[in-house]
Amino acid sequence: MKTSSNPIESAIRIFALYKDLSEKGMAQISDAEFFRQPEPESNSIAIIVKHVAGNLLSRWTNFLTTDGEKEWRDRDSEFEMEHLDRAELIKQWEKGWQCLFNALQSLTQSDLTKIVTIRSEPHSVLEAINRSLAHLSYHAGQIVYLAKMFKLAQWQTLTVPKKKRT
């Protein structure tokens, strides 16, 4: 993997890694598994995808000039499954990720110390990037965990297989 001392380039690469990991996990599951809730109070992968899409669009639209919690976002509805199919949810997922990557690619080193708000709380741009990265890695882990749980013995390892050294 290429390395960089540029925090923006580094963040873009790490975000892309978690996106890819999530998508490789989702690629292994059926539509039924995509929408399956392990139990009634748990989120399906579909719900997590919907939430991540909404979060990314809210946080990264006009990132430097508006609060990261947009007035038009209805966060609670992200955890309700409406009549969307997998293709539509993946389209929303891609739109959210593209918003993130566009925003990050527009940043310069001097932007990292600027102050932005998320839910009316001030954050440096670097803190906001780290906050989003932590949030997305959490959900990527949920997606991969659920997909692996659904596939059991048919799961294709996404990282280093057990008992293998790199």
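The values are calculated or read from the model by the stated rules, or taken from the named source; none is laboratory data. Since this is a predicted model, take the numbers as computed values, not measurements. Cβ: placed from backbone, ideal geometry, glycine included. Neighbour counts: every protein chain shown.
Across segment 22-44, the qualifying residues are those that are among the hydrophobic types (A, V, I, L, M, F, W, C) and in contact (Cβ under 8 Å) with a residue 12 or more places away in the chain, and the one among them that is nearest to Glu80 (Cα to Cα) is Phe35. Pairs linking a residue in segment 4-21 that is farther than 18 Å from Gly141 by Cβ to a residue that is at pLDDT 95 or above and outside any helix (DSSP H, G or I), with Cβ atoms under 7 Å and 6 or more positions apart or on different chains, are Ile8/Leu107.
Is it the case that Ser77 is hydroxyl-bearing (Ser, Thr, Tyr) and either farther than 25 Å from Leu158 by Cβ or not in a helix (DSSP H, G or I) (or both)? The answer is yes for Ser77.
When segment 123-163 is filtered for residues that are touching a helix residue (DSSP H, G or I) at 6+ places or on another chain (Cβ under 7 Å) and free of Cβ contacts under 8 Å to residues at least 60 places away in the same chain, the ones remaining, listed by number, are His123, Ser124. Looking at (1) farther than 19 Å from Arg13 by Cβ; (2) part of a loop (DSSP other than H, G, I, E, B), which is the one condition that is false for Pro122? Condition (2) is where Pro122 drops out. Screening the candidates Ala147, Ala153, Ala140, Ala134 for the property of being more than 20 Å from Ile47 (Cβ to Cβ) and among the small types (Gly, Ala, Ser) yields one hit, Ala153. Looking only at residues of segment 112-122 that are in contact (Cβ under 8 Å) with a residue 24 or more places away in the chain and in contact with a His (Cβ under 8 Å, 6 or more places away or on another chain), we find that the one that is farthest from Lys70 (Cα to Cα) is Val116.
Only one of the numbered conditions (1) among the hydrophobic types (A, V, I, L, M, F, W, C); (2) surrounded by fewer than 13 Cβ atoms within 10 Å (Cβ to Cβ); (3) under 14 Å from Lys19 (Cβ atoms) is violated by Leu133, and that is (2).
For (1) surrounded by 14 or more Cβ atoms within 10 Å (Cβ to Cβ); (2) over 16 Å from Leu158 (Cα atoms), each residue gets a yes or a no:
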| residue | (1), (2) |
| --- | --- |
| Ile12 | yes, yes |
| Lys19 | yes, no |
| Gln28 | yes, no |
| Glu33 | yes, yes |
| Arg36 | yes, yes |
| Glu39 | no, yes |
| Ile45 | yes, yes |
| Ile48 | yes, yes |
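In summary, Glu82 fulfils each of the numbered conditions (1) in contact with a strand residue (DSSP E or B) (Cβ under 8 Å, 6 or more places away or on another chain); (2) modelled with pLDDT under 95; (3) of a type outside the set (A, V, I, L, M, F, W, C) with the single exception of condition (1). Name every residue in segment 1-35 that is among the charged types (D, E, K, R) and part of a loop (DSSP other than H, G, I, E, B), in order of residue number. Once the filter is applied, which keeps residues that are among the charged types (D, E, K, R) and part of a loop (DSSP other than H, G, I, E, B), segment 1-35 yields only Lys2.
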